[in-house]
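Have a look at the structure below before the remarks.
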């Protein structure tokens, strides 16, 4: 996840997941890797970017809101969400945005 996602021409959607972790790994690293691999297999998935220092920020890109809803309710993702609340996150916030414009070099 150390590259900038190659996204299509807008519009598309971004799910911005911001988190503060608890102490220790407790299986987090393995599950995070598994979730990225699983998300990449989902219909409508466009890419992902992630950075972690004290504050973690992961942005996943999706073609439409239905694809985001389907990902949120994926059985394996639901298990990861439950473990996140119970073990891995001191706090988190999810924001869903429509990307109207992007540019870069």
### Summary
Counting only residues in segment 14-39 that are under 16 Å from residue 74 (Cβ atoms) and in contact with a strand residue (DSSP E or B) (Cβ under 7 Å, 6 or more places away or on another chain), the one surrounded by the most Cβ atoms within 10 Å (Cβ to Cβ) is identified as 15
### Query
Just one of 76, 86, 66 is without any contact (Cβ under 8 Å) to a residue 12 or more places away in the chain and assigned to a helix (DSSP H, G or I); which is it?
86
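On the basis of being within 23 Å of residue 2 (Cβ to Cβ), assigned to a helix (DSSP H, G or I), at pLDDT below 95 and within 11 Å of the chain's Cα centre (by Cα), does residue 39 make the cut?
On the way: within 23 Å of residue 2 (Cβ to Cβ): yes; assigned to a helix (DSSP H, G or I): yes; at pLDDT below 95: no; within 11 Å of the chain's Cα centre (by Cα): yes.
So residue 39 does not fit the description; no.
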### Residues being without any contact (Cβ under 8 Å) to a residue 40 or more places away in the chain and either more than 23 Å from residue 101 (Cα to Cα) or surrounded by 12 or more Cβ atoms within 10 Å (Cβ to Cβ) (or both) - total across segment 40-63
10
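The values are calculated or read from the model by the stated rules, or taken from the named source; none is laboratory data. Keep in mind the model is a prediction, meaning the values are calculated, not measured. FYI the Cβ positions are ideal-geometry reconstructions off the backbone, even for glycines, and counts take in every protein chain you see.
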